[in-house]
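Read the structure below first, then the notes.
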Amino acid sequence: MLKHLWILGLAVAEASAQAPSERATARLTREIRHEVLILPYYDIFDWVTFRLDGYKVVLSGYVSRPTLKADVERVVKKVEGVESVTNRIEVLPLSPNDDRIRQAVFNAIYRFPTLQRYSLRARQPIHIIVKNGNVSIVNLQARGVPGVFDVKNNLAVEK
């Protein structure tokens, strides 16, 4: 009897080590994304991405509040099927100058006639990351904002 239990335990361990199916990966991706997006303090000035390695999640990106980094990790750990979370999210430095640039870039982008319609959404699709005067994610209209040192265009179109 003991031998059978050991074999059963080994079979369960091997099954959990297998990679998730496409369906399971799609479900995990959808649920993790949803949990991050509904966090109350996740906004246009934060950008969180993740990668699945089987049932392990690797978080990356930028947040403007240290508490948000912990909140993202906490909600992702609660998603059914997630075995572990590695949190590589960077907390952006507190800077009144960066805060001013964030607001100015927001205004420059979302007051641009072509993009104005996106400002009416509950979650604006274009995120603005400012670190030490450097703007990432958006290139449109951001170069014309006084105080901006560099603009990296990492704009990704969502399907």
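Results, tabulated for the structure shown:
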item	result
FRET efficiency, 1/(1 + (r/R0)^6) with R0 25 Å, evaluated for residue 26 and residue 73 via beta carbons	0.70
Estimated inter-spin distance, residue 38 and residue 114, nm [label 7 Å along Cα→Cβ]	3.5
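Taken together, the values in this text are just the output of simple stated rules run on the coordinates, not laboratory data. Every value quoted in this text rests on a predicted model; they were computed, and no experiment measured them. Positions of Cβ are backbone-derived with ideal geometry, glycine not excepted, and every protein chain shown enters the neighbour counts.
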